[in-house]
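The values are calculated or read from the model by the stated rules, or taken from the named source; none is laboratory data. Computed from a prediction, not measured in an experiment: that's the story for all the values here. Using ideal geometry, Cβ is built from the backbone for each residue, glycine included, and neighbour counts are taken over all protein chains shown.
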Amino acid sequence: MFSHGGAIGLTLTVSQGDISFNYYFTVFVEYAPIDPPAEGSNPYITKVFDYMPAVGQFTNTLPLYEEGDTQETMNQKVLDAIGNNKRGMITLGGFGGYVTVGFDHTIQNVEGLRDFRVLGNAFYANANPNPDAPEGGSCEPGVIMVAYDPDNLGPDNIQWYEIQGSAHADPTKEPWYEMAKVNGNDVNIYFDYRITYYRPDSEPASRDEWDTYIKWEDNQGNSGYKVKNQYHSQPYYPLWAGNTLTFTGTCLPQNAIDESGSGTYFVLYKFRYGYADNEINSYDDSSIDISWAVDASGNSVNLPGVDYIKIYTGVNQENGWLGECSTEIMGVEDLHLLKEEIHTRR
Ligand SMILES: [Ca+2]
Ligand SMILES: [Ca+2]
Ligand SMILES: [Ca+2]
């Protein structure tokens, strides 16, 4: 019996006395297909299980933290903002900040079609000083994870899988990859990235302290500061969290370039597909095919549907006056219940 589907490695060991042989092999475990959801199911988010943004210029304001708020009340504020097609907005802050949501039914994986859309606030630049640039503007990709829970074990007790977005498969194919590399961006993808943020002892007393506001360290030997900017004066470290915040996940290539060369016009370039807050909401590439879910080795898992979706900010980058790269979420929609037919892609 296996606890989850996908490719599972097994070892058969045969031994006698001092002699031992190992035979390694892989079995592929498939799930049984599921029925479409019941009539009257809600196409939108109905539950928020967890919300923990990383440090960010909208943290503690989207949604608003108020004295006395707890993890539970913050989760409820997120549900009030982005559940049930309200289309309010929440921020996930910098790299790793996340939200975990659920539905009143299992979103079905229909073969050949995309299955759900994640609403963000991505848009294209209308005055990019670089005339030949690929599509970009404010594309702040969130990595998407999914889980199928037929036995109602709950989101903390089941296997999660990541949606294999375009850069997961091959970052060099992003149309802006060479530009970003020449610009000095870190264009690698880190599948086991870990970052820790440290709560500042106090808020900056003067502007001199903005550039050394909130310290961070990662597991690639890098460290730095999340900086304060003139447009957002509230604390950027989530006020209901502990003294350190550690997030893990896949860190995507840095996609932002200061196209003005003087710090006035940052363009955050679009990844091809498979992320949140990366494509305009009405365009096809804001939507996701559940068949893109893969296990930790990158093997397809062919989930029949998903019960929970987790989204976390996928880039660690500061962009001058524009602030950190931080994913925003406005909702999630079941495309099948909304009768939207969007074909899959690669
Ligand atoms: Ca599908
Ligand atoms: Ca943002
Ligand atoms: Ca955004």
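Summary of values
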quantity	calculated
Identity of the residue in the range 303-338, more than 21 Å from F247 (Cβ to Cβ) and assigned to a loop (DSSP other than H, G, I, E, B), that ends up nearest to ligand 3 (Cβ to nearest atom)	M330
Residue tally, condition within 28 Å of A32 (Cβ to Cβ) and not in a loop (DSSP other than H, G, I, E, B), over the range 148-166	3
Positions within the range 82-131 being out of contact with any Asp or Glu (no Cβ under 6 Å at 6 or more places or on another chain), within 16 Å of ligand 2 (Cβ to nearest atom) and closer than 30 Å to P304 by Cβ, in sequence order	I82, I90, L92, G96, G97, Y98, V99, V118, L119
Total residues in the range 54-82, condition of a type in the set (A, V, I, L, M, F, W, C) and not in a loop (DSSP other than H, G, I, E, B)	6
Identity of the residue in the range 248-267, surrounded by fewer than 24 Cβ atoms within 10 Å (Cβ to Cβ) and under 27 Å from W160 (Cβ atoms), that ends up farthest from the chain's Cα centre (by Cα)	Q254
Subset of the range 197-213 [more than 20 Å from G97 (Cβ to Cβ) and either touching a residue at least 40 places away in the same chain (Cβ under 8 Å) or in a helix (DSSP H, G or I) (or both)]	R207, D208, E209, W210, D211, T212
F21 being part of a loop (DSSP other than H, G, I, E, B) and of a type in the set (A, V, I, L, M, F, W, C)	no
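The rows are residues; the columns are (1) part of a strand (DSSP E or B); (2) at pLDDT 95 or above; (3) more than 23 Å from M89 (Cα to Cα).
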{"position": "V99", "(1), (2), (3)": "yes, yes, no"}
{"position": "I107", "(1), (2), (3)": "yes, yes, no"}
{"position": "N130", "(1), (2), (3)": "no, no, yes"}
{"position": "V146", "(1), (2), (3)": "yes, yes, no"}
{"position": "H168", "(1), (2), (3)": "no, yes, yes"}
{"position": "E178", "(1), (2), (3)": "no, yes, yes"}
{"position": "I195", "(1), (2), (3)": "yes, yes, yes"}
{"position": "K215", "(1), (2), (3)": "yes, yes, yes"}
